[in-house]
Amino acid sequence: MNERFHALRVSEVIVETEDARSLVFDVPDDLTEEFRYRPGQFLTLHLPGTDRGTVTRCYSLSSSPHTSDPLMVTVKRTPSGRVSDWLLRSVRPGSVVHVQPPSGRFTPASLDGDFLLLAAGSGITPVISITKSVLAAGAGRVTLVYANRDERSVIFAERLGRLAAAHPDRFAVVHWLESLQGLPDAARLRTLAEPFRDRDVFVCGPGPFVAGAVGALERLGVPRERTHLEEFRPPGGAGGPDAPAGRGSSAASPACAIRLQAVLP
């Protein structure tokens, strides 16, 4: 195994929705510096014992380095996602998981700017890390547009509501439910994004959502250097979108090789 992987104990498993769990890790004192991270980064997990043998997957950190949050990733079960299904069924408090230190560039250069965050499904995981960090340690305002299939599938619904109530002048969340409003296509996303076209934009979610968001932002004239993307795709193009990977990510495992994580070129 790569020497950069460390055995971390899972201290808590939090049920977020029927198909999503947050895994909270204990980080020993001697690894504190190695696991220091920036909001929006991810962890690479080495997972033995699944029905596909030993695999490596990347999962975004949903905790914030600027609050009292312990180190935490959030995993959503996906169609044909055998690894995510195994994690949700098998990992319990006390389980030991081999984890690589944080990586990734889907992170703000400063927490003092104003942000528009566009997320869909489990794309909320790095986005809530950014949100909590800006509100706790920055001076900026945050508007989040968050798309999901239906109300039951909204990850962190209560936490997002509490953040909005605690920071009414700095944080607003717009929920988009496909069961009521249909798919959030480029035209609809353009309408939602237009009042915030002067902000830095972070987009995270499945490929079609990211493509629609990119189209909307291009039509609004948002400069490419202010548009940051993270697209979730299946590793190797097969097996289900358990992990993100890709263009521009630094120190990512080869098994996370399709994590698209970049400012538009």
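The strands (runs of 3 or more DSSP E) falling completely within region 1-94 that include 2 or more residues that are of a type in the set (D, E, K, R) and in contact (Cβ under 8 Å) with a residue 24 or more places away in the chain map to 6-17, 20-26.
The conditions of being over 22 Å from Leu111 (Cβ atoms) and either modelled with pLDDT of 95 or more or polar (S, T, N, Q) (or both) are not met by Arg197. Within region 185-196, residues that are charged (D, E, K, R) have Cβ atoms under 8 Å from residues that are surrounded by fewer than 18 Cβ atoms within 10 Å (Cβ to Cβ) and assigned to a helix (DSSP H, G or I) in these pairs: Arg188/Gln181; Arg190/Gly215; Arg190/Arg219; Arg190/Leu220; Glu194/Leu220, counting only partners at least 6 apart in sequence or on another chain. Scanning region 15-27 for residues that are within 25 Å of Val203 (Cα to Cα) and open to solvent by 40 Å² or more (accessible area, probe 1.4 Å) gives Val15, Glu18, Asp19, Arg21.
One residue stands out among those in region 42-75 that are at pLDDT below 95 and either at positive phi or touching a Gly at 6+ places or on another chain (Cβ under 7 Å) (or both): the one that is surrounded by the fewest Cβ atoms within 10 Å (Cβ to Cβ), which is Gly53. Scanning region 179-196 for residues that are under 28 Å from Phe42 (Cβ atoms) and open to solvent by 70 Å² or more (accessible area, probe 1.4 Å) yields Leu183, Asp185. Out of the residues in region 28-41 that are open to solvent by less than 50 Å² (accessible area, probe 1.4 Å) and out of contact with any Gly (no Cβ under 6 Å at 6 or more places or on another chain), which is nearest to Ser133 (Cα to Cα)? The qualifying residue nearest to Ser133 (Cα to Cα) is Pro39.
The values are calculated or read from the model by the stated rules, or taken from the named source; none is laboratory data. Please read all numbers here as calculations on a predicted model, not as lab measurements. Cβ coordinates were reconstructed from backbone atoms using ideal geometry, including for glycine residues, and neighbour counts include every protein chain displayed. In case anyone asks, the SASA skips ligands and DNA or RNA and just uses the protein heavy atoms, side chains included. Shrake-Rupley method; radii C 1.70, N 1.55, O 1.52, S 1.80 Å.
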